[in-house]
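The values are calculated or read from the model by the stated rules, or taken from the named source; none is laboratory data. Please read these numbers as outputs of a predicted model, since none were measured by experiment. Cβ placement follows ideal geometry from the backbone for every residue including glycine, while neighbour counts extend to all protein chains displayed. Note: accessible area is taken over every heavy atom of the protein model, side chains too, but ligands, DNA and RNA are not part of it. Shrake-Rupley method; radii C 1.70, N 1.55, O 1.52, S 1.80 Å.
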Amino acid sequence: MANYYAGAKEYFPEIKKIEYEGAKSKNPLAFRYYDANKVIGGKKMKDHLRFAIAYWHSFCGNGSDPFGAATVIHPWSLDAKTQMEAAENKMDAAFEFFTKLGTEYYAFHDRDMAPEGASPAESEKNLFALVTKAKKLQAETGVKLLWGTANVFSNPRFMNGAATNPEFAVVALAATQVKAAIDATIELGGEGYTFWGGREGYMSLLNTDLQKEKDNLARFLTMARDYGRKQGFKGVFYIEPKPMEPSKHQYDFDTETVIGFLRHYGLDKDFRLNIEANHAELAGHEFSHELETAAAAGFLGSVDANRGDNMNGWDTDQFPMSYYETALAMYTILKIGGFTTGGLNFDSKIRRNSVDLSDLFIAHIGGMDAFAVGLEIAQRIIDDGVIPNFVKDRYASFAGGDGLKFTKGELSLDQLAKIGTDAGYGSAGLTSGKQEYLENVLNSYLLGL
Ligand code: XUL
Ligand code: CO
(Lines give C-alpha, C1' and ligand atoms only; values in the text may rest on other atoms or scores of the structure.)
(Ligands and ions follow the chains in the order given, each with its own letter.)
Protein backbone atom coordinates (compact mmCIF):
# COMPACT_ATOMS: atom_id res chain seq x y z
CA MET A 1 0.00 0.00 0.00
CA ALA A 2 1.26 3.41 -0.87
CA ASN A 3 1.58 5.57 2.19
CA TYR A 4 2.09 9.00 0.74
CA TYR A 5 2.77 11.35 3.51
CA ALA A 6 3.24 9.52 6.80
CA GLY A 7 4.28 11.73 9.62
CA ALA A 8 4.12 14.90 7.60
CA LYS A 9 2.55 18.00 9.05
CA GLU A 10 2.34 19.41 5.60
CA TYR A 11 0.36 16.70 3.84
CA PHE A 12 1.53 17.43 0.30
CA PRO A 13 5.09 18.64 0.97
CA GLU A 14 6.40 17.87 -2.50
CA ILE A 15 3.75 19.98 -4.16
CA LYS A 16 4.09 23.72 -4.48
CA LYS A 17 1.33 26.08 -5.57
CA ILE A 18 0.11 25.01 -9.02
CA GLU A 19 0.75 27.75 -11.56
CA TYR A 20 -0.38 28.45 -15.10
CA GLU A 21 2.56 27.82 -17.44
CA GLY A 22 0.84 27.80 -20.83
CA ALA A 23 0.12 25.18 -23.49
CA LYS A 24 3.77 24.38 -24.22
CA SER A 25 4.59 23.46 -20.64
CA LYS A 26 5.61 19.86 -20.07
CA ASN A 27 5.28 20.19 -16.30
CA PRO A 28 2.55 17.77 -15.15
CA LEU A 29 2.04 19.93 -12.06
CA ALA A 30 1.16 23.12 -13.96
CA PHE A 31 -1.92 24.39 -15.74
CA ARG A 32 -1.58 24.52 -19.50
CA TYR A 33 -4.93 26.18 -20.24
CA TYR A 34 -6.52 27.20 -16.95
CA ASP A 35 -5.35 30.74 -16.34
CA ALA A 36 -7.55 31.83 -13.42
CA ASN A 37 -7.56 35.56 -14.15
CA LYS A 38 -7.72 35.39 -17.95
CA VAL A 39 -10.83 37.23 -19.11
CA ILE A 40 -13.16 35.34 -21.45
CA GLY A 41 -16.30 37.11 -22.63
CA GLY A 42 -15.92 39.82 -19.99
CA LYS A 43 -15.43 37.51 -17.00
CA LYS A 44 -12.42 35.82 -15.40
CA MET A 45 -11.99 32.10 -16.06
CA LYS A 46 -12.20 31.34 -12.35
CA ASP A 47 -15.53 33.15 -12.08
CA HIS A 48 -16.97 31.33 -15.06
CA LEU A 49 -15.86 27.93 -13.88
CA ARG A 50 -16.24 28.18 -10.09
CA PHE A 51 -14.37 24.93 -9.46
CA ALA A 52 -15.16 22.97 -6.31
CA ILE A 53 -13.39 19.98 -4.79
CA ALA A 54 -15.44 17.02 -3.59
CA TYR A 55 -14.37 16.23 -0.03
CA TRP A 56 -15.57 12.62 -0.27
CA HIS A 57 -13.56 11.40 -3.26
CA SER A 58 -10.44 13.44 -2.69
CA PHE A 59 -9.98 13.04 1.05
CA CYS A 60 -12.11 10.04 2.07
CA GLY A 61 -11.67 7.70 -0.89
CA ASN A 62 -8.87 5.21 -0.31
CA GLY A 63 -9.10 3.11 -3.47
CA SER A 64 -11.24 0.33 -2.02
CA ASP A 65 -13.85 -1.14 -4.35
CA PRO A 66 -16.28 -4.08 -4.15
CA PHE A 67 -13.43 -6.41 -5.18
CA GLY A 68 -10.49 -5.10 -3.23
CA ALA A 69 -9.23 -3.26 -0.18
CA ALA A 70 -7.75 0.20 0.16
CA THR A 71 -4.73 0.98 -2.00
CA VAL A 72 -3.63 4.12 -0.16
CA ILE A 73 -3.29 5.03 3.49
CA HIS A 74 -4.07 8.57 4.41
CA PRO A 75 -1.77 9.93 7.08
CA TRP A 76 -4.63 11.79 8.73
CA SER A 77 -6.21 8.46 9.63
CA LEU A 78 -2.92 6.63 10.18
CA ASP A 79 -1.34 8.99 12.66
CA ALA A 80 -4.46 10.04 14.54
CA LYS A 81 -5.37 8.58 17.92
CA THR A 82 -9.11 9.16 17.55
CA GLN A 83 -11.54 9.42 14.67
CA MET A 84 -12.09 13.06 15.52
CA GLU A 85 -8.36 13.74 15.38
CA ALA A 86 -8.28 12.02 11.99
CA ALA A 87 -11.14 14.25 10.81
CA GLU A 88 -9.28 17.36 11.96
CA ASN A 89 -6.09 16.28 10.18
CA LYS A 90 -8.08 15.46 7.07
CA MET A 91 -9.49 18.97 7.05
CA ASP A 92 -6.01 20.47 7.28
CA ALA A 93 -4.98 18.32 4.31
CA ALA A 94 -8.08 19.36 2.38
CA PHE A 95 -7.47 23.07 2.84
CA GLU A 96 -3.79 22.62 1.98
CA PHE A 97 -4.94 20.92 -1.23
CA PHE A 98 -7.50 23.63 -2.12
CA THR A 99 -4.92 26.34 -1.53
CA LYS A 100 -2.16 24.70 -3.54
CA LEU A 101 -4.50 23.93 -6.43
CA GLY A 102 -6.09 27.37 -6.30
CA THR A 103 -9.73 26.24 -6.25
CA GLU A 104 -12.13 28.55 -4.46
CA TYR A 105 -14.91 26.14 -3.51
CA TYR A 106 -15.50 22.74 -1.95
CA ALA A 107 -18.47 20.48 -1.28
CA PHE A 108 -18.97 17.94 1.51
CA HIS A 109 -21.28 15.37 3.08
CA ASP A 110 -21.73 15.47 6.85
CA ARG A 111 -20.02 12.10 7.26
CA ASP A 112 -17.05 13.08 5.07
CA MET A 113 -16.28 15.87 7.47
CA ALA A 114 -16.95 14.22 10.83
CA PRO A 115 -17.50 10.66 12.04
CA GLU A 116 -20.88 9.41 13.20
CA GLY A 117 -21.15 9.28 16.99
CA ALA A 118 -22.97 6.84 19.26
CA SER A 119 -26.19 8.90 19.10
CA PRO A 120 -27.68 11.55 16.78
CA ALA A 121 -26.73 14.20 19.36
CA GLU A 122 -23.10 13.03 19.43
CA SER A 123 -22.98 12.91 15.61
CA GLU A 124 -24.19 16.50 15.50
CA LYS A 125 -21.62 17.52 18.12
CA ASN A 126 -18.87 15.90 16.05
CA LEU A 127 -20.04 17.67 12.91
CA PHE A 128 -20.16 21.04 14.57
CA ALA A 129 -16.69 20.68 16.03
CA LEU A 130 -15.43 20.30 12.46
CA VAL A 131 -17.70 23.04 11.14
CA THR A 132 -16.07 25.41 13.63
CA LYS A 133 -12.66 24.42 12.27
CA ALA A 134 -13.83 24.70 8.64
CA LYS A 135 -15.16 28.18 9.30
CA LYS A 136 -11.78 29.25 10.62
CA LEU A 137 -9.92 27.68 7.67
CA GLN A 138 -12.33 29.26 5.20
CA ALA A 139 -11.65 32.67 6.73
CA GLU A 140 -7.89 32.09 6.61
CA THR A 141 -7.75 30.82 3.03
CA GLY A 142 -10.69 32.52 1.33
CA VAL A 143 -12.01 29.11 0.22
CA LYS A 144 -15.83 28.97 0.19
CA LEU A 145 -18.46 26.28 0.44
CA LEU A 146 -20.29 25.55 -2.82
CA TRP A 147 -22.74 23.17 -1.18
CA GLY A 148 -23.25 20.83 1.70
CA THR A 149 -25.21 17.60 1.88
CA ALA A 150 -26.01 14.68 4.18
CA ASN A 151 -24.87 11.14 3.54
CA VAL A 152 -28.11 9.26 4.13
CA PHE A 153 -27.17 6.30 1.98
CA SER A 154 -23.98 4.63 3.32
CA ASN A 155 -25.05 3.50 6.78
CA PRO A 156 -26.87 0.11 6.74
CA ARG A 157 -29.88 1.73 8.45
CA PHE A 158 -30.57 3.40 5.10
CA MET A 159 -30.55 0.17 3.10
CA ASN A 160 -34.30 0.57 2.43
CA GLY A 161 -34.07 4.29 1.77
CA ALA A 162 -33.87 7.52 3.78
CA ALA A 163 -36.86 9.80 3.13
CA THR A 164 -38.50 6.94 1.21
CA ASN A 165 -37.87 4.30 3.90
CA PRO A 166 -40.91 2.16 4.76
CA GLU A 167 -40.00 2.58 8.48
CA PHE A 168 -40.90 5.95 9.90
CA ALA A 169 -38.09 5.67 12.49
CA VAL A 170 -35.51 5.75 9.70
CA VAL A 171 -37.15 8.76 8.06
CA ALA A 172 -36.81 10.56 11.39
CA LEU A 173 -33.13 9.56 11.66
CA ALA A 174 -32.53 10.87 8.14
CA ALA A 175 -34.06 14.13 9.34
CA THR A 176 -31.50 14.39 12.16
CA GLN A 177 -28.74 14.36 9.59
CA VAL A 178 -30.38 16.62 7.00
CA LYS A 179 -31.29 19.20 9.65
CA ALA A 180 -27.73 19.24 11.01
CA ALA A 181 -26.23 19.36 7.50
CA ILE A 182 -28.45 22.32 6.58
CA ASP A 183 -27.37 24.06 9.80
CA ALA A 184 -23.73 23.31 8.94
CA THR A 185 -24.18 24.63 5.40
CA ILE A 186 -25.70 27.86 6.71
CA GLU A 187 -22.94 28.26 9.29
CA LEU A 188 -20.31 27.88 6.56
CA GLY A 189 -22.02 30.31 4.19
CA GLY A 190 -22.76 27.55 1.67
CA GLU A 191 -24.30 28.76 -1.58
CA GLY A 192 -26.29 25.58 -2.06
CA TYR A 193 -27.60 22.47 -0.34
CA THR A 194 -27.78 19.23 -2.35
CA PHE A 195 -30.04 16.20 -2.21
CA TRP A 196 -28.78 13.15 -4.03
CA GLY A 197 -31.24 10.32 -3.52
CA GLY A 198 -28.79 7.44 -3.27
CA ARG A 199 -31.25 4.98 -1.76
CA GLU A 200 -34.39 6.91 -2.70
CA GLY A 201 -35.70 4.33 -5.11
CA TYR A 202 -36.58 0.68 -5.14
CA MET A 203 -35.16 -2.73 -5.92
CA SER A 204 -38.44 -4.64 -6.30
CA LEU A 205 -42.04 -3.60 -6.86
CA LEU A 206 -43.10 -6.71 -4.94
CA ASN A 207 -42.23 -4.93 -1.68
CA THR A 208 -42.74 -1.29 -2.68
CA ASP A 209 -45.56 1.24 -2.53
CA LEU A 210 -44.08 3.54 -5.15
CA GLN A 211 -46.56 6.38 -4.83
CA LYS A 212 -46.26 6.49 -1.04
CA GLU A 213 -42.47 6.66 -1.30
CA LYS A 214 -42.60 9.51 -3.79
CA ASP A 215 -45.10 11.43 -1.64
CA ASN A 216 -42.88 10.89 1.41
CA LEU A 217 -39.82 12.09 -0.50
CA ALA A 218 -41.64 15.26 -1.54
CA ARG A 219 -42.89 15.83 2.00
CA PHE A 220 -39.38 15.42 3.38
CA LEU A 221 -37.93 17.85 0.82
CA THR A 222 -40.67 20.36 1.60
CA MET A 223 -39.86 20.12 5.32
CA ALA A 224 -36.14 20.58 4.60
CA ARG A 225 -36.86 23.58 2.39
CA ASP A 226 -39.09 25.15 5.04
CA TYR A 227 -36.55 24.50 7.79
CA GLY A 228 -33.69 25.96 5.74
CA ARG A 229 -35.64 29.10 4.89
CA LYS A 230 -36.74 29.52 8.50
CA GLN A 231 -33.10 29.35 9.57
CA GLY A 232 -32.21 32.03 7.01
CA PHE A 233 -30.72 29.89 4.22
CA LYS A 234 -30.73 32.11 1.13
CA GLY A 235 -28.99 29.65 -1.18
CA VAL A 236 -30.39 27.16 -3.64
CA PHE A 237 -31.53 23.61 -2.92
CA TYR A 238 -30.35 21.16 -5.55
CA ILE A 239 -31.58 17.76 -6.60
CA GLU A 240 -28.98 15.62 -8.32
CA PRO A 241 -30.63 13.22 -10.77
CA LYS A 242 -29.32 9.69 -11.15
CA PRO A 243 -31.23 6.80 -12.67
CA MET A 244 -29.73 3.81 -10.86
CA GLU A 245 -26.89 2.64 -8.61
CA PRO A 246 -27.14 1.94 -5.77
CA SER A 247 -30.92 1.50 -6.20
CA LYS A 248 -32.09 -0.37 -9.24
CA HIS A 249 -34.49 2.43 -10.05
CA GLN A 250 -34.06 5.82 -8.41
CA TYR A 251 -36.93 8.28 -8.30
CA ASP A 252 -34.74 11.18 -9.46
CA PHE A 253 -34.08 9.35 -12.73
CA ASP A 254 -33.06 12.24 -14.97
CA THR A 255 -33.57 15.95 -15.51
CA GLU A 256 -37.03 15.78 -17.07
CA THR A 257 -38.23 13.42 -14.36
CA VAL A 258 -36.96 15.67 -11.58
CA ILE A 259 -38.40 18.84 -13.13
CA GLY A 260 -41.79 17.12 -13.40
CA PHE A 261 -41.51 15.98 -9.77
CA LEU A 262 -40.55 19.44 -8.49
CA ARG A 263 -43.41 21.09 -10.37
CA HIS A 264 -45.90 18.47 -9.28
CA TYR A 265 -45.05 18.91 -5.60
CA GLY A 266 -44.68 22.71 -5.71
CA LEU A 267 -40.92 22.68 -5.08
CA ASP A 268 -39.94 24.39 -8.33
CA LYS A 269 -39.24 27.82 -6.77
CA ASP A 270 -36.55 26.72 -4.32
CA PHE A 271 -34.98 23.74 -6.06
CA ARG A 272 -32.66 23.63 -9.06
CA LEU A 273 -30.73 20.73 -10.55
CA ASN A 274 -27.20 19.61 -9.96
CA ILE A 275 -26.35 17.76 -13.16
CA GLU A 276 -23.65 15.09 -13.08
CA ALA A 277 -22.05 13.95 -16.33
CA ASN A 278 -21.76 10.29 -15.38
CA HIS A 279 -25.35 10.18 -14.12
CA ALA A 280 -26.54 11.59 -17.44
CA GLU A 281 -24.75 8.77 -19.24
CA LEU A 282 -26.30 6.14 -16.97
CA ALA A 283 -29.73 7.56 -17.86
CA GLY A 284 -28.91 7.04 -21.54
CA HIS A 285 -28.38 10.74 -22.17
CA GLU A 286 -25.44 12.84 -23.11
CA PHE A 287 -24.16 15.24 -20.43
CA SER A 288 -24.98 18.11 -22.81
CA HIS A 289 -28.55 16.85 -23.20
CA GLU A 290 -29.15 16.94 -19.46
CA LEU A 291 -27.60 20.39 -19.11
CA GLU A 292 -29.53 21.82 -22.03
CA THR A 293 -32.78 20.27 -20.81
CA ALA A 294 -32.32 21.80 -17.36
CA ALA A 295 -31.18 25.14 -18.79
CA ALA A 296 -34.09 25.37 -21.21
CA ALA A 297 -36.57 24.94 -18.36
CA GLY A 298 -34.72 27.40 -16.11
CA PHE A 299 -33.61 24.65 -13.72
CA LEU A 300 -29.85 24.48 -14.27
CA GLY A 301 -28.19 25.12 -10.94
CA SER A 302 -24.84 23.40 -10.60
CA VAL A 303 -22.69 20.66 -12.12
CA ASP A 304 -20.93 17.58 -10.80
CA ALA A 305 -18.04 17.42 -13.22
CA ASN A 306 -16.79 13.96 -14.14
CA ARG A 307 -17.26 11.36 -16.86
CA GLY A 308 -18.11 7.69 -17.24
CA ASP A 309 -16.56 5.06 -19.44
CA ASN A 310 -18.13 4.47 -22.85
CA MET A 311 -17.58 0.74 -22.55
CA ASN A 312 -19.35 0.06 -19.28
CA GLY A 313 -22.48 1.02 -17.49
CA TRP A 314 -21.66 2.11 -13.99
CA ASP A 315 -20.65 5.23 -12.18
CA THR A 316 -16.89 5.31 -12.72
CA ASP A 317 -16.62 8.99 -11.69
CA GLN A 318 -13.55 9.61 -13.83
CA PHE A 319 -12.08 13.05 -14.23
CA PRO A 320 -13.49 15.03 -17.16
CA MET A 321 -10.96 15.07 -19.98
CA SER A 322 -12.92 15.41 -23.24
CA TYR A 323 -12.76 18.89 -24.76
CA TYR A 324 -15.78 18.03 -26.88
CA GLU A 325 -17.90 17.39 -23.78
CA THR A 326 -16.57 20.34 -21.80
CA ALA A 327 -17.11 22.65 -24.78
CA LEU A 328 -20.75 21.65 -25.15
CA ALA A 329 -21.27 21.89 -21.39
CA MET A 330 -19.77 25.37 -21.21
CA TYR A 331 -21.75 26.46 -24.27
CA THR A 332 -25.00 25.70 -22.43
CA ILE A 333 -23.72 27.38 -19.27
CA LEU A 334 -22.68 30.52 -21.18
CA LYS A 335 -26.02 30.63 -22.99
CA ILE A 336 -27.84 30.99 -19.66
CA GLY A 337 -25.44 33.73 -18.55
CA GLY A 338 -23.21 31.52 -16.41
CA PHE A 339 -23.47 30.08 -12.93
CA THR A 340 -25.02 32.08 -10.12
CA THR A 341 -24.82 29.95 -6.98
CA GLY A 342 -23.56 26.84 -8.77
CA GLY A 343 -20.17 25.73 -10.02
CA LEU A 344 -18.17 22.83 -11.41
CA ASN A 345 -17.75 20.38 -8.57
CA PHE A 346 -15.25 17.60 -9.28
CA ASP A 347 -17.31 14.63 -8.20
CA SER A 348 -14.47 12.60 -9.67
CA LYS A 349 -12.04 10.10 -8.26
CA ILE A 350 -8.60 8.99 -9.30
CA ARG A 351 -8.30 5.33 -10.27
CA ARG A 352 -7.44 2.99 -7.41
CA ASN A 353 -4.04 2.28 -8.92
CA SER A 354 -3.20 6.00 -9.10
CA VAL A 355 -1.30 5.91 -5.84
CA ASP A 356 1.35 8.61 -6.26
CA LEU A 357 1.25 11.68 -4.10
CA SER A 358 0.93 13.83 -7.18
CA ASP A 359 -1.93 11.92 -8.85
CA LEU A 360 -4.73 13.76 -7.04
CA PHE A 361 -3.26 17.08 -8.18
CA ILE A 362 -2.58 15.89 -11.74
CA ALA A 363 -6.17 14.64 -12.08
CA HIS A 364 -7.66 17.94 -10.96
CA ILE A 365 -5.25 19.93 -13.11
CA GLY A 366 -6.38 17.91 -16.14
CA GLY A 367 -10.05 18.43 -15.31
CA MET A 368 -9.57 22.16 -14.78
CA ASP A 369 -7.60 22.48 -18.02
CA ALA A 370 -10.32 20.52 -19.85
CA PHE A 371 -13.00 22.94 -18.66
CA ALA A 372 -10.80 25.96 -19.41
CA VAL A 373 -10.45 24.70 -23.00
CA GLY A 374 -14.18 24.00 -23.09
CA LEU A 375 -14.87 27.55 -21.95
CA GLU A 376 -12.63 29.01 -24.67
CA ILE A 377 -14.34 26.89 -27.33
CA ALA A 378 -17.80 27.77 -26.04
CA GLN A 379 -16.96 31.46 -26.24
CA ARG A 380 -15.68 30.88 -29.79
CA ILE A 381 -18.99 29.21 -30.73
CA ILE A 382 -20.82 32.29 -29.48
CA ASP A 383 -18.44 34.89 -30.95
CA ASP A 384 -18.24 33.24 -34.35
CA GLY A 385 -22.02 32.90 -34.44
CA VAL A 386 -22.23 30.20 -37.12
CA ILE A 387 -23.82 27.57 -34.87
CA PRO A 388 -26.21 29.82 -32.88
CA ASN A 389 -27.27 31.62 -36.06
CA PHE A 390 -27.88 28.35 -37.83
CA VAL A 391 -30.20 27.27 -35.02
CA LYS A 392 -31.98 30.63 -35.06
CA ASP A 393 -32.45 30.55 -38.85
CA ARG A 394 -33.71 27.00 -38.70
CA TYR A 395 -36.82 28.22 -36.88
CA ALA A 396 -37.21 31.45 -38.89
CA SER A 397 -40.57 30.31 -40.28
CA PHE A 398 -42.04 30.78 -36.80
CA ALA A 399 -40.83 34.38 -36.62
CA GLY A 400 -43.42 35.90 -38.95
CA GLY A 401 -46.65 35.27 -40.86
CA ASP A 402 -48.72 32.23 -40.00
CA GLY A 403 -45.77 30.69 -38.14
CA LEU A 404 -45.83 33.57 -35.68
CA LYS A 405 -49.60 33.25 -35.30
CA PHE A 406 -49.04 29.57 -34.45
CA THR A 407 -46.39 30.51 -31.89
CA LYS A 408 -48.73 32.98 -30.25
CA GLY A 409 -51.46 30.38 -30.02
CA GLU A 410 -53.68 32.27 -32.47
CA LEU A 411 -54.46 29.30 -34.72
CA SER A 412 -56.88 26.42 -34.24
CA LEU A 413 -56.08 23.00 -35.61
CA ASP A 414 -58.50 23.44 -38.54
CA GLN A 415 -56.95 26.81 -39.43
CA LEU A 416 -53.51 25.22 -39.27
CA ALA A 417 -54.66 22.32 -41.43
CA LYS A 418 -56.14 24.76 -44.00
CA ILE A 419 -52.75 26.48 -44.29
CA GLY A 420 -51.24 23.05 -44.99
CA THR A 421 -53.94 22.17 -47.51
CA ASP A 422 -53.58 25.48 -49.36
CA ALA A 423 -49.78 25.18 -49.52
CA GLY A 424 -49.77 21.55 -50.69
CA TYR A 425 -46.90 19.06 -50.40
CA GLY A 426 -44.33 20.77 -52.62
CA SER A 427 -40.86 20.28 -51.15
CA ALA A 428 -41.79 21.24 -47.58
CA GLY A 429 -39.60 19.62 -44.96
CA LEU A 430 -36.72 18.77 -47.23
CA THR A 431 -34.37 21.31 -45.71
CA SER A 432 -30.97 20.00 -44.70
CA GLY A 433 -30.23 19.79 -40.97
CA LYS A 434 -26.52 20.09 -41.88
CA GLN A 435 -25.35 18.13 -38.86
CA GLU A 436 -22.04 17.13 -40.44
CA TYR A 437 -21.33 20.70 -41.49
CA LEU A 438 -21.97 21.91 -37.94
CA GLU A 439 -19.80 19.14 -36.52
CA ASN A 440 -17.03 20.24 -38.89
CA VAL A 441 -17.43 23.82 -37.69
CA LEU A 442 -17.20 22.69 -34.06
CA ASN A 443 -14.11 20.61 -34.84
CA SER A 444 -12.43 23.64 -36.35
CA TYR A 445 -12.98 25.52 -33.07
CA LEU A 446 -11.61 22.57 -31.13
CA LEU A 447 -8.35 22.93 -33.01
CA GLY A 448 -8.40 26.66 -32.44
CA LEU A 449 -8.37 27.44 -36.17
C1 XUL B 1 -23.15 9.70 -6.20
C2 XUL B 1 -22.97 11.16 -6.21
C3 XUL B 1 -22.89 11.82 -4.88
C4 XUL B 1 -23.54 13.14 -4.82
C5 XUL B 1 -23.60 13.76 -3.46
O6 XUL B 1 -23.22 9.13 -7.45
O7 XUL B 1 -22.86 11.76 -7.25
O8 XUL B 1 -21.56 11.89 -4.51
O9 XUL B 1 -22.89 14.05 -5.66
O10 XUL B 1 -24.22 12.94 -2.54
CO1 CO C 1 -22.46 13.76 -7.70
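Distance between the pseudo-spin-label points of Lys434 and Met244 (7 Å out from Cα toward the beta carbon): 4.0 nm. Where both bridge residues fall in the chain, DSSP classifies roughly 15% of the beta bridges as antiparallel. Beyond 31 Å between alpha-carbons counts as too far, so tell me which of Lys81/Lys230; Lys133/Lys230; Lys125/Lys248; Lys16/Lys125; Lys38/Lys242; Lys90/Lys179 fall in that bin. The pairs that break the limit, which is 31 Å between Cα atoms, are Lys81/Lys230; Lys125/Lys248; Lys16/Lys125; Lys38/Lys242. For Lys214, the solvent-accessible surface with a 1.4 Å probe is about 60 Å², rounded to the nearest 10.
Each of Arg272, Arg50 has its accessible area taken with a 1.4 Å probe; listed largest first, they run Arg272, Arg50. Arg352 contributes an accessible area of around 90 Å² to the protein surface, as traced by a 1.4 Å probe with all chains present.
Divide the volume of the convex hull of the Cα atoms of the chain by its number of residues and quote the answer in cubic angstrom per residue. Numbers along the way, then the final one.
On the way: hull volume 81.3 nm³, N = 449.
Output value, Cα hull per residue: 181 Å³.
Between Ser412 and Leu210, the modelled label-to-label distance comes to 3.9 nm, taking each label 7 Å out from Cα in the direction of the beta carbon.
For a quick check of understanding: with a 1.4 angstrom probe and all protein chains in place, what accessible area in square angstrom does Val373 have, to the nearest ten? The value for Val373 is about 20 Å². For Lys234, a cut-off of 16 angstrom between C-alpha atoms picks up these aspartates and glutamates, skipping any fewer than 8 places away in its own chain: Asp183, Glu187, Glu191, Asp226, Asp268, Asp270. Using every pair of distinct Cα positions in the range 320-449, the Kirkwood expression returns a hydrodynamic radius of 18.5 angstrom.
Note on exposure: Asp254, Asp309, Asp384 ranked by accessible area (1.4 Å probe, complete protein assembly) read Asp384, Asp309, Asp254, with the most exposed listed first. When Thr431, Thr185, Thr208 are compared by accessible area at a 1.4 angstrom probe, the order from most to least is Thr431, Thr208, Thr185.
Here's the list of aspartates and glutamates a cross-link from Lys405 could span, going by alpha-carbon distance under 15 Å and ignoring same-chain residues fewer than 8 apart: Asp414. What residue among Phe237, Phe398, Phe59 has the largest mean-square fluctuation in a Gaussian network model of the chain, using Cα springs under 10 Å? In this elastic network of the chain, the residue with the biggest mean-square fluctuation among Phe237, Phe398, Phe59 is Phe398.
Inter-label distance, Val441 to Met223: 5.2 nm, where each label sits 7 Å from its Cα along the C-beta direction.
Counting protein heavy atoms only, the range 19-384 has 54 percent of its accessible area on carbon and sulfur, 1.4 angstrom probe.
Computed packing ranks the peptides 438-445, 246-253, 410-417, 145-152 as 145-152, 246-253, 438-445, 410-417, most packed first, by mean other Cβ atoms within 10 Å. Using a probe of 1.4 angstrom and keeping all protein chains present, the accessible surface of the chain works out to 48 square angstrom per residue. Considering the dipole of the chain built from charges on the beta carbon (Lys and Arg +1, Asp and Glu -1) around the Cα centre, which of Ala150, Ala139, Tyr202 is farthest to its positive end? Positive-end residue among those listed: Ala139. Geometric descriptor of the range 388-449, per residue, is 101 Å³ (volume of the convex hull of the Cα atoms).
Sparse packing (at most 12 other Cβ atoms within 10 Å of the Cβ) combined with a DSSP loop state is found for the following trypsin sites (Lys or Arg not before Pro) in the range 400-443: Lys408, Lys434. Dipole of the chain computed with +1 at Lys/Arg Cβ and -1 at Asp/Glu Cβ about the Cα centre; of Gly117, Gly420, Leu282, farthest Cα towards the positive end is Gly117.
Can you pull the Rg over Rh of the range 314-388, Cα-only, Kirkwood? Write down the numbers at each step before the final one.
Working: Rg = 14.3 Å, Rh = 13.5 Å.
Reported Rg/Rh, Kirkwood definition of Rh: 1.06.
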